[in-house]
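Undergrad: Structure below; questions to follow.
The values are calculated or read from the model by the stated rules, or taken from the named source; none is laboratory data. Not measured: the values here are computed from a predicted model. Here Cβ is always computed from backbone atoms with ideal geometry, including for glycine, and neighbour counts include all displayed protein chains. What goes into the accessible areas is simple: the full protein's heavy atoms, side chains included, and nothing from ligands, DNA or RNA. Shrake-Rupley method; radii C 1.70, N 1.55, O 1.52, S 1.80 Å.
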Amino acid sequence: MKDRDVYIDHAEHYQKMSYRNRYYLAAPEGKLLLSIPLEKGRNQRLPMTEVAIDNRTDWQTRHWRSIVSLYNRSPFFQYFEHHIAPLYTQSYDLLTDFNTASIQLIDRLLELELNIIFLNEYKAHYPDTEDLRTSLLPNQPEGLHPHYYQVFADRSGFLPDCSILDLLFCEALQAKLVLLPK
């Protein structure tokens, strides 16, 4: 396995209360939760490839307005805005499609050069691989989080576990150093 190999398990079952359909943004009063609405997605027995986004609500417009409102004055928002905006204008039917597009975009913008491998057969254990499927959950005790500049840190302090968008808009390509320290 190479250092830049990232395996994404599309055959795993959806886990409610996970980051699969939610993310946090740094706001003046603390973290703001944004959640992608799902159709029958709360059913944990549903494979990820079958988790449909509920597009009856205008979630993309609401999410984008929140992002613009919070990061419009961040150092690098205007540099990345035109790259990120299509995630919130293009229609996605499946959660895996939105998540895949997001991951591939961040990989490209930060020049991470990830080798993204999609797995379509569920396995409970992958040998010689750090499995993060069940360890990256919201509201877990805080670990060690590298601090970086945040727009509202003067009001709310540093807020860990925010979306990669927070890091991207605040640190631009320096985000790569936060994500992949040497």
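Undergrad: Out of the residues in the range 170-182 that are out of contact with any Asp or Glu (no Cβ under 9 Å at 6 or more places or on another chain) and part of a helix (DSSP H, G or I), state the one that is most open to solvent (accessible area, probe 1.4 Å).
TA: Among those residues, the one meeting the criterion is GLN174.
Undergrad: Given (1) open to solvent by less than 20 Å² (accessible area, probe 1.4 Å); (2) more than 30 Å from ALA153 (Cβ to Cβ); (3) not polar (S, T, N, Q), identify the lone condition not met by LEU46.
TA: (1)
Undergrad: Can you tell me which residues in the range 13-34 are touching a strand residue (DSSP E or B) at 6+ places or on another chain (Cβ under 7 Å) and open to solvent by 40 Å² or more (accessible area, probe 1.4 Å)?
TA: Scanning the range 13-34 gives HIS13, LYS31, LEU32, LEU33.
Undergrad: Evaluate the following for LEU95: is it touching a residue at least 24 places away in the same chain (Cβ under 8 Å) and under 16 Å from TYR7 (Cα atoms)?
TA: For LEU95, the condition - touching a residue at least 24 places away in the same chain (Cβ under 8 Å) and under 16 Å from TYR7 (Cα atoms) - is not met.
Undergrad: Strands (runs of 3 or more DSSP E) wholly in the range 1-84 with at least 1 residues that are on the phi < 0 side of the Ramachandran plot and at pLDDT 85 or above - which ones? It would help to see each step written out before you state the result.
TA: Numbers: elements: 5-9, 22-27, 30-35.
It comes to 22-27, 30-35.
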